[in-house]
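Report on the structure given below.
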Amino acid sequence: MAMQGVASHPIDQRFTVTGLTNGRSVGRRWQSKSKVGNSLGIAAAPFFLTSLRPARHRARHRAPRCRRCAVQFLVGPEAETEGPSDVKLGKLLSWARQQDFMKLHPCLSFGKSGGLQLSVPVSAGTPILGVLDDAFLTSSDLPEQWQEVWDGARERYPEWWALHLGITLLKERRDPSSDAWEAYQNSVAPQPAAPLLWSAAQAQELQYVPMKKQLRSRIEAIQEFYQEILVPVLGEVPGLPSVFELAQAVATARRAIEVSPGQRALLPLLDMVGSPEATVPAGKPTPEANCELQVEPEGGPGGRAIAILVAKRDVQPGETLSRAILGLAPDEVLLEHGWCSTRPDDVTIHVGLKKAVVESWQLATLREVMDLEPGDSPGDWMASAKVRRSSVLTQAVDAKLIAAARVLSAKSREEVLGAEWNLMTKDEILNAGFEGLSSTRRRRLLFVLKRAVEGALAAYDTTIIRDQEILEYLQGRERVAVAYRLGKKMILQDVQAQLERADEKIRQKQAKREKDSALPSAVTGKRKSPTPGKGFG
């Protein structure tokens, strides 16, 4: 409850941190005990949080299905990442050494982990592996029915190039059109690491709602394409591939390399050199890549295109080779390849605006300046924003989240933006930040931000301490999932601490001003402004 004599300001009721696991808020009430909120005139009303599951410390036991809808996962609960066998890798390496269009370092081999390595040290700039355009495997010259499937993929998912190339790979597994395609099949993992081929229980361990939504959408898209396009077109083709084989091909095709603008190709052996995240256990700091890929359109013999893997630094014997995959954020590294990155990342926070408690002018203002989505109940809305690590608070928290907190912590539009708020543009409102706010208003704004971050952290099924305790005992996909969600929670914890420090700094300044104002001028050395006399007459 609000303090007596202070106007109630139920910010806590105005937004919900939503889980989005089943399309509705199924959470628990959490009673605020914040003294800061009370001292600022903010009522400590119940704050709704949603949880992916009721139990907070039993992340390893759950029903193997998607909570929101009956999404059929593509593998069973015991599935685990499995790479190509040593025999197949040996065949691929022997084949590559015999080809005129491939050049290999004589000491190149596969290590115990299945990654490529060298048995001797090499210095920076040393060419390790080269592939001429004869072995650039692309989507071309498909039989009529397969071409129809490929065209259907381009029409329905024009930007999903891994699906386009995956269809070609799927066809070549049944009827290789060249020795290169036949040899390439030795590099296809029976169980790729990508979450597309995780079980429901493994996917649930991720806990991070935006990632689970993306994964669910990807699985649904694969199943819809398989049922609505691939099966009707290839129904009479002998040996109709399964939906698992389609997903397997798409996950493998994600290794493709851009050999020219807009043109991606699978490169035997070379595209098995992955991102440095794949070279260390999940949760360990991501190292820098030790190699770099150079694609030269006319650098090969006779002016032919060539892709060359070159040592970026000195490489030691037994060190797994890696290359940077440009343009992939940490979330994409996980979604596309199944690796956990510790590179700079961000966390999305979903803030639900409840119609019953948000003032109409607040909702109208937020709808003017933010992209809101319909909430769980009629009239409710939801906003999304991101937070990240940064030494600057306004960079650590998205401008639109600060703007939302500024609106929700105010009692009128004039208090939010000043008397001339109606003359401000959308960008001016979004970028107002903390500008023009008194110390008390800043603390109220920070209170809203702290509650949003705190709620997002509390909505996870397990705590940071629990994840840290179990991480070192886990392996495979479960370790990847726990390391991934732990990274997200650590970001939220760091941002929360940053908000606490900012609030404490303001509080200390306020206390100092109050103390100084209570002391006589003889102590402070400051003279009070003289009071004008009444004068005569």
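The values are calculated or read from the model by the stated rules, or taken from the named source; none is laboratory data. Worth saying up front: this structure is predicted, and the values here are computed from it rather than measured. When we count neighbours, we look across all protein chains shown, and the Cβ atoms used for this are built from the backbone with ideal geometry, even at glycine. Remember, those area values only see protein heavy atoms, side chains included, never the ligands or the DNA or RNA. Shrake-Rupley method; radii C 1.70, N 1.55, O 1.52, S 1.80 Å.
Collect the residues in the stretch 141-156 that are without any contact (Cβ under 8 Å) to a residue 60 or more places away in the chain and more than 13 Å from LEU170 (Cα to Cα), keeping them in residue-number order.
Answer for the stretch 141-156, where residues must be without any contact (Cβ under 8 Å) to a residue 60 or more places away in the chain and more than 13 Å from LEU170 (Cα to Cα): ASP141, GLU144, ASP151, ARG154, GLU155.
Checked against (1) open to solvent by 30 Å² or more (accessible area, probe 1.4 Å); (2) of a type in the set (D, E, K, R); (3) more than 30 Å from PRO276 (Cβ to Cβ); (4) modelled with pLDDT of 85 or more, GLU368 passes all but condition (4).
The residues of the stretch 260-287 that are outside any loop (DSSP other than H, G, I, E, B), closer than 24 Å to ASP86 by Cα and not charged (D, E, K, R), listed by number, are LEU266, LEU270, MET272, PRO276, ALA278, THR279. Residue pairs whose Cβ atoms lie under 6 Å apart, sitting 6 or more positions apart in sequence or on different chains, and linking a residue in the stretch 232-246 that is over 24 Å from PRO195 (Cα atoms) to a partner that is among the hydroxyl-bearing types (Ser, Thr, Tyr), do not occur here.
On the basis of being open to solvent by 20 Å² or more (accessible area, probe 1.4 Å), touching a helix residue (DSSP H, G or I) at 6+ places or on another chain (Cβ under 7 Å) and modelled with pLDDT of 95 or more, does ASP314 make the cut? Against the criterion (open to solvent by 20 Å² or more (accessible area, probe 1.4 Å), touching a helix residue (DSSP H, G or I) at 6+ places or on another chain (Cβ under 7 Å) and modelled with pLDDT of 95 or more), ASP314 does not qualify. For the stretch 328-383, a tally of residues being within 25 Å of the chain's Cα centre (by Cα), in a loop (DSSP other than H, G, I, E, B) and farther than 30 Å from ALA282 by Cβ returns 5. Taking the criterion of being open to solvent by 20 Å² or more (accessible area, probe 1.4 Å) and part of a loop (DSSP other than H, G, I, E, B), the residues of the stretch 288-304 that qualify are GLU288, PRO297, GLU298, GLY299, ARG304.
Can we say ARG264 is in contact with a Ser or Thr (Cβ under 8 Å, 6 or more places away or on another chain), buried (at least 16 other Cβ atoms within 10 Å of the Cβ) and of a type in the set (Lys, Arg)?
Numbers: in contact with a Ser or Thr (Cβ under 8 Å, 6 or more places away or on another chain): yes; buried (at least 16 other Cβ atoms within 10 Å of the Cβ): yes; of a type in the set (Lys, Arg): yes.
The answer is yes for ARG264.
I want to confirm something. Restricting to the stretch 99-156 and keeping residues that are among the acidic types (Asp, Glu) and surrounded by fewer than 14 Cβ atoms within 10 Å (Cβ to Cβ), which single residue is modelled with the highest pLDDT? Among those that are among the acidic types (Asp, Glu) and surrounded by fewer than 14 Cβ atoms within 10 Å (Cβ to Cβ), it is GLU155. Being of a type in the set (Lys, Arg) and closer than 22 Å to VAL358 by Cα holds for only one residue in ARG466, ARG485, ARG477, ARG442, and it is ARG442. Scanning the stretch 76-98 for residues that are in a helix (DSSP H, G or I) and surrounded by fewer than 14 Cβ atoms within 10 Å (Cβ to Cβ) gives ASP86, VAL87, SER94, ARG97.
Candidates ALA180, ALA189, ALA153: the one that is touching a His at 6+ places or on another chain (Cβ under 9 Å) and either outside any helix (DSSP H, G or I) or among the aliphatic types (A, V, I, L, M) (or both) is ALA153.
Under the condition of being of a type in the set (Ser, Thr, Tyr) and farther than 17 Å from PRO121 by Cβ, the residues counted in the stretch 280-327 number 1.
Conditions tested, residue by residue: (1) closer than 16 Å to MET272 by Cα; (2) touching a Phe, Trp or Tyr at 6+ places or on another chain (Cβ under 8 Å).
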{"position": "ASP86", "(1), (2)": "yes, yes"}
{"position": "GLY111", "(1), (2)": "yes, no"}
{"position": "LEU116", "(1), (2)": "yes, yes"}
{"position": "ALA124", "(1), (2)": "no, no"}
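Evaluating VAL237 against the criteria (1) surrounded by fewer than 22 Cβ atoms within 10 Å (Cβ to Cβ); (2) more than 30 Å from ARG97 (Cα to Cα); (3) of a type in the set (A, V, I, L, M, F, W, C); (4) touching a strand residue (DSSP E or B) at 6+ places or on another chain (Cβ under 7 Å) leaves one unmet condition, (4). Checking the stretch 458-478 against the condition returns a match, with at least one residue being at pLDDT below 95 and touching a strand residue (DSSP E or B) at 6+ places or on another chain (Cβ under 7 Å).
Pairs linking a residue in the stretch 177-199 that is more than 21 Å from ALA79 (Cβ to Cβ) to a residue that is open to solvent by 20 Å² or more (accessible area, probe 1.4 Å) and part of a helix (DSSP H, G or I), with Cβ atoms under 7 Å and 6 or more positions apart or on different chains, are ALA183/TRP95; ASN186/LYS88; ASN186/LYS91. Looking at TRP339, TRP361, just one residue is aromatic (Phe, Trp, Tyr), in contact (Cβ under 8 Å) with a residue 40 or more places away in the chain and surrounded by fewer than 20 Cβ atoms within 10 Å (Cβ to Cβ), and that residue is TRP361.
Only one of GLN214, GLN202, GLN207 is under 19 Å from the mean Cα position of the chain (by Cα), at pLDDT 95 or above and open to solvent by 40 Å² or more (accessible area, probe 1.4 Å). Can you tell me which? Just a single option satisfies the conditions, and that option is GLN214.
ALA289 fulfils the conditions (1) out of contact with any helix residue (DSSP H, G or I) (no Cβ under 6 Å at 6 or more places or on another chain); (2) modelled with pLDDT of 95 or more; (3) not polar (S, T, N, Q) except for a single criterion, (1).
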